[in-house]
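Have a look at the structure below, then the notes.
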Amino acid sequence: MMKKSLIFVSLLLIFGMMAPLLSQSRVVHLNRGRLWHSFHYAQECEPLADWRTMSYGLDSPGYNITEMSSNIGGTYSHMIAGGFFLSALRTIDPDTVQGWMDFALNGDRNTSWDSGMQPFIAKKHEKVWKNGENYYLAVDPDEAEEIIVSVWEKDPQYSDYSTSNKKFNVQVTRTVRQWSGSQADEDYVIVDYSIKSLRTELFGLDSAVLLFTYGMGPTPRAWNYTNPNYLSGARNTQSRHFPDKKLVTFWAGDYRNTIEDESFGYYEYYSYNPMSGENELRQEYMAPRKAALKILDIKLNNKPLDYQFVWCAGQESQDYEGPFSGVAGFENKYEAMKNPMLLYRAFADTNSAFMGDSRLYAVFAIGPFNLRGMGRGELKVTIAEMVGGIDYAKARSYTLADKAKVAAAADSAIAYLNERVEFNYQNQYRVPMPPPGPVFHVSALDSSGIVANLISFNDPAEYIADPHQGSPDLAGYRIYRSAQYPFGPWEKIADIPKKDPRFWNAGNQRYEYKDLRVALGYGYYYSVTSYDSGHDAWAVNPAVSVPSLESSIYANRSKTRFYTTLKPMDADYDLSKIAVVPNPFYVSSGLDNVGDRKMIQFVNLPAECTIRIFTLRGDLVKTIHHDSPLSGVAKWNQISEYGQYVKSGMYFYKVESKNYEHTGKFAIIN
């Protein structure tokens, strides 16, 4: 039995919680390409709040709620919080635990921006290039496009005299890198941690242990729809550890407590089709991608260290402590970090009853190790975080019978990203880069009576040298369109070779593409990418050949809809050609109902006119004043002058301009 229901489900109102938090300076966001992520000054994402989505967390695709015209039920996040715990023994009393610090799930408890408030003080938390100066490697070709550097260290002003949780003589530096402008590299971030003893302190750390911990799960959107009666935090997360690759993968499995197969967030629903007048069954994979964590390197004073790995099942509710739930006292916490099987509901066997039936933490234990004082001891840990799988268009077209294809695509994507991050790390954070996407403009076609959107851009990107090869290599452009959401599904509508005379206007020195496959009054998102011709030998490493690379669709997309319109009619135009579309208007329902499809549109209007809408008995319902020199279209959301939605039925309208008037009728059908 499969889920077939109208979309009247109870969804967590996560968007109201996210909006104020996303603007706070204590969290820095990566939100340019397809993969979006957030970094608190002392952990990844916002502090744990019982698995509620409080910030971006490996969102793929990422989107901004302010860009949406409707609530789609949740984000495409794959991480709820992450980072590391730190503990060590006292130097002068090696049988006693010195302290225990949380830089993973509740960073605010141990770190503050204000001096004297917490054992650690945040010293730095910002992007290296605050305004995107290194996009497409324009400034530093030997670094990432985006870098976030965060530094926190022992606060000398904080007194730990009255507590048994003593400070550690260390400084933590976290460096986050992302290459969000390239389709080849936009789906991962690489995070470097440096835990170094303070130069001013004689002692470092004795028998220290790190516990890298990540709350991982399929997308909140998928969990909200497939299991609306459960609290936040997917319980159907499946995971596998590949020790030879130092890789752990995560995806949405089939939740054992339900009859339906919810693998990869598969969900069936009814959506009203105004053309047929019927509810039609549709489907979507709402968690079609896999996430992965990869240990790239662990070194203590340049000597490699290994790690222990376990999973931990989180509490079913009120989960604020993660793997340390029920682990009381610093001594017990320390022992659990040395032996992670002592953590709360820890397991290492994928056949455990907890796998696929609980909130899931991934735990990497490192140590014990000693860190010499006076800046002579340093532990470096490098971790790659990635998400890959089918694109959004396929997620909406594949059926349950295609589940194997979804899984295979996700596995293939993770295998590619695994190789890609290794290549990146081996080449010291240098990767080939495509040419920049051009700045483009969307406008109405300046031709009376023709419905089309004009996408135009000029050619400066063709003269920008490849950051590594040293010469320009742009070969062409591609134009993509989304009629649904700002993150897709994207459809490629044009491939334009450089200076193709079919599109290059030598007169105004611009490329021009007419998108004729658009509907009047509907809104569309666009993206224009650039691609190169590839290279037989990469200048950084001549043994490497570089295929043709394309810039990111997401990094160069329009963030607001462009509504297809018509040029206003002349003042002496025959108003009898004014029409209402669609007519009849069906009040549809379902997941596909973004804002545009709820609007009645009056077309072929003059630049200035007044529209009055009446019931059959002559009661005035709505007055619309249209005054636009750029558009011959006016829209109505079916809300009356009294702020209420109008009922089904027949309506009359009257359009008055300076010289003419026109009357007509239309129907609204629920």
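For an R0 of 56 angstrom, estimate the FRET efficiency from the Cβ-Cβ distance between Glu316 and Ile92 and round to the nearest 0.05.
0.85
Could you work out how much longer the chain between His441 and Ala667 gets when fully extended? Use 0.36 nm per residue separation minus the Cα distance between them, nm to one decimal.
77.8 nm
Give me the three principal axis extents of region 198-356 from the C-alpha atoms, as integers in angstrom, largest value leading.
Computed over region 198-356, the largest-to-smallest principal extents equal 78, 34, 33 Å.
Can you give the accessible area per residue of the chain, in Å², using a 1.4 Å probe?
40
What fraction of the DSSP beta bridges in the chain is antiparallel, stated in percent and rounded to the nearest 5?
The answer is about 95 percent antiparallel.
At 0.36 nm per residue, and after removing the present C-alpha to C-alpha distance, how many nm does the segment from Val128 to Ile464 gain when stretched out fully?
118.7 nm
Say a paramagnetic label sat at a point 7 Å from the Cα of Met374, along Cα to Cβ; which residues of region 204-219 have their backbone N under 18 Å from it?
204-206
What does the highest-first list of 118-127, 462-471 look like by mean Cβ count within 10 Å?
118-127, 462-471
How many percent of the alpha carbon pairs in region 74-204 exceed a separation of 23 Å?
Roughly 44 percent, rounded to a whole number.
Which order do the peptides 129-140, 549-560, 355-366 come out in when sorted by mean C-beta neighbours inside 10 angstrom, highest first?
Ranking, from highest mean packing down: 355-366, 549-560, 129-140.
DSSP loop chymotrypsin sites (Phe, Trp or Tyr not before Pro) in region 142-177 with at most 14 other Cβ atoms within 10 Å of their Cβ, which ones?
Tyr161
How would you order 631-639, 281-289 from highest to lowest mean count of nearby Cβ atoms within 10 Å?
281-289, 631-639
Residues of region 421-464 with the amide nitrogen closer than 19 Å to a label point 7 Å from the Cα of Ser576, along Cα-to-Cβ, please.
In region 421-464, the label zone of Ser576 (backbone N under 19 Å from the point 7 Å along Cα→Cβ) covers 449.
With N residues in the chain, what two-decimal value do you get for its Cα radius of gyration over 2.2 N^0.38 Å?
Its radius of gyration relative to the 2.2 N^0.38 Å reference: 1.09.
In deg cm²/dmol and to the nearest 500, what is the mean residue ellipticity at 222 nm of the chain if only DSSP H runs of at least 4 residues count, each as -39500 (n - 2.57), divided by the residue total?
Calculated from helices alone, the mean residue ellipticity at 222 nm is -2500 deg cm²/dmol.
How much length is gained on full extension from Ser533 to Leu620, taking 0.36 nm per residue of separation minus their Cα-Cα distance?
Working it through step by step, the gained length comes to 25.1 nm.
List the lysines whose Cα lies under 24 Å from the Cα of Lys154, skipping any in the same chain that are fewer than 8 positions away.
Within the straight-line limit of under 24 Å, Lys154 reaches these lysines: Lys123, Lys124, Lys127, Lys166, Lys167, Lys196, Lys299, Lys333, Lys338, Lys380.
Could you please state how large a percent of the accessible area of the chain is carbon and sulfur, counting protein chains only and using a 1.4 Å probe?
In the chain, the share of accessible area belonging to carbon and sulfur is 50 percent.
Quick one: Cα centre-to-centre distance for region 407-440 and region 273-332, in angstrom?
Distance between centres, Cα-based: 22 Å.
Of the listed pairs Lys394/Lys635; Lys577/Lys622; Lys130/Lys246; Lys405/Lys498, which have alpha-carbon separations greater than 25 Å here?
Lys394/Lys635; Lys130/Lys246; Lys405/Lys498
The values are calculated or read from the model by the stated rules, or taken from the named source; none is laboratory data. Bear in mind the structure is a predicted one, so any value in this text is a computation, not a measurement. Cβ: placed from backbone, ideal geometry, glycine included. Neighbour counts: every protein chain shown. Quick note on the areas: whole protein, heavy atoms, side chains included, nothing else; ligands and nucleic acids left out. Shrake-Rupley method; radii C 1.70, N 1.55, O 1.52, S 1.80 Å.
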